[in-house]
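Remarks on the structure that follows.
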Amino acid sequence: MLGYRLSNFVSSNPAVNVFDLSIVSVLISLEMFCINFFPSLAEVGRLDTPKIKGEYDTGQLFLHRVFGYRGVILFPWLARVYDRDVPSKKDSSDDGTPTSHVGKEVKGRTHTFYQVLIDSRDCPFIRAQTEAVTFLGSQESSRSLYAIPGLDYVAHEDILPYSTTEKQPLQHELFDKFLAYYPERDPPFGAQETLRAWQKKNHPWLELSDVHKETTENIRVTVIPFYMGCRESQTASVFWWRYCIRLENLGELTVQLRERHWRIFSLSGTLETVRGRGVVGQEPILSKALPAFQYSSHVSLQAPSGHMWGTFRMEREDGYTFDCRIPPFSLESKNEDGSSPSNPS
């Protein structure tokens with residue numbers, strides 16, 4: 001089992017002098033994570049200066065600021081972020097019930113996210129599902145569920161770039177199919193035609209468009225919905241979405257997720273309530289050392305659009321319980337061209 005030593009990044013890279021203390025703190029936290037979970041450590045590269053402005057290029061290697069995994073950037077997405085913690089002139093409804101413009105009363109701002117590959121060596125130690133990107137075959141006769149392992153979406157501020165002299169720095173089955181080594185470039189990995197064709201083919205299912213955020217009692221909830229496709233039969237059409245949720249503890253006290261409470265509204269006029277223990281079979285603990293947890297789930301409607309909102313029941317280490325709000329978000333279908341998502345050959 002192989003870990004990676006982050007202190008070598010700092011000590012060997014003079015660019016660290018331009019970092020603020022929060023970045024150095026992140027690096028120390030990541031190293032403590034590695035020490036706890038990996039019996040041996042090895043240097044894998046040198047940390048580069050994070051970009052304040054501009055986008056990272058395809059092929060940029062990085063460490064995830066929160067989850068600590070190694071990854072490589074494939075391509076960027078421009079998403080609209082609706083942050084309910086940012087003051088708005090329009091207030092939400094008192095009962096929290098969304099309308100047809102749910103989330104849109106919060107002013108959206110454009111923000112860069114990246115489609116990335118995760119190093120398969122790190123997947124067992126990440127507090128996030130690493131097989132979360134899924135699609136439905138759109139052909140009427142198809143019952144296939146396409147899953148792409150080790151694919152994630154990462155916000156620009158969560159990228160900690162690094163460089164290495166290794167020609168094969170990342171272990172992922174798609175790395176060699178998507179990227180080629182160009183030693184004269186910076187970064188030295190560039191997109192192959194396979195990656196460009198795959199991105200174009202699967203754009204409707206991969207596209208990240210809206211991100212919703214809200215904080216309750218220092219627990220930050222981020223939701224990203226994705227349209228998966230439609231199942232059609234002689235009697236009904238069933239539309240499917242995937243939603244990715246990240247919980248992050250911004251406070252000092254340890255908190256555990258105990259219950260979930262969802263309300264799901266369909267354009268057909270139905271309102272469904274779902275309650276249950278934990279999420280995806282777990283009751284994750286969010287502590288100072290391991291403050292974040294990320295998971296994905298799915299929902300289906302017999303209508304092309306709808307809304308979801310709800311709460312997580314949280315329990316703090318001092319016994320205090322509270323409901324953490326899940327920001328309301330829209331479920332919107334997209335036009336499909338009749339072709340199924342493709343896996344690279």
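Points worth noting:
- Other residues lying with their Cβ under 11 Å from the Cβ of Gly251 contribute a combined charge of -1, Lys and Arg counting +1, Asp and Glu -1.
- Cβ-based charge dipole, the stretch 171-310, positive-most Cα from Ala191, Ala292, Gly276: Gly276
- Restricted to Cα atoms, the stretch 218-336 shows a radius of gyration and a Dmax of 16.0, 55 angstrom.
- Between Thr164 and Ser237, the distance separating the two model label sites (each 7 Å from Cα on the Cα→Cβ line) works out to 4.6 nm.
- For the stretch 218-336, with all protein chains in place and a probe radius of 1.4 Å, 46% of the accessible heavy-atom surface sits on carbon or sulfur.
- Summed side-chain charge close to Pro188 - residues other than Pro188 whose Cβ falls under 12 Å, Lys, Arg +1, Asp, Glu -1: -2
- Segment Lys107..Arg258, full-extension length gain: 51.2 nm, with 0.36 nm per residue of separation and the alpha-carbon distance subtracted.
- Stretching the chain fully between Lys53 and Lys200 yields a gain of 50.3 nm (0.36 nm per residue, less the alpha carbon separation).
- Charge dipole (debye, nearest 20) of the stretch 218-336; +1 at Cβ of Lys and Arg, -1 at Cβ of Asp and Glu: 40 debye
- Above-threshold pairs, the threshold being 30 Å between Cα atoms, out of Lys53/Lys167; Lys53/Lys107; Lys167/Lys213; Lys51/Lys213; Lys201/Lys288: Lys167/Lys213; Lys201/Lys288
The values are calculated or read from the model by the stated rules, or taken from the named source; none is laboratory data. All values reported here derive from a predicted model rather than from experimental measurement. Methodologically, a virtual Cβ is constructed for each residue, glycine included, from the backbone with ideal geometry; neighbour enumeration extends over all protein chains shown. In case anyone asks, the SASA skips ligands and DNA or RNA and just uses the protein heavy atoms, side chains included. Shrake-Rupley method; radii C 1.70, N 1.55, O 1.52, S 1.80 Å.
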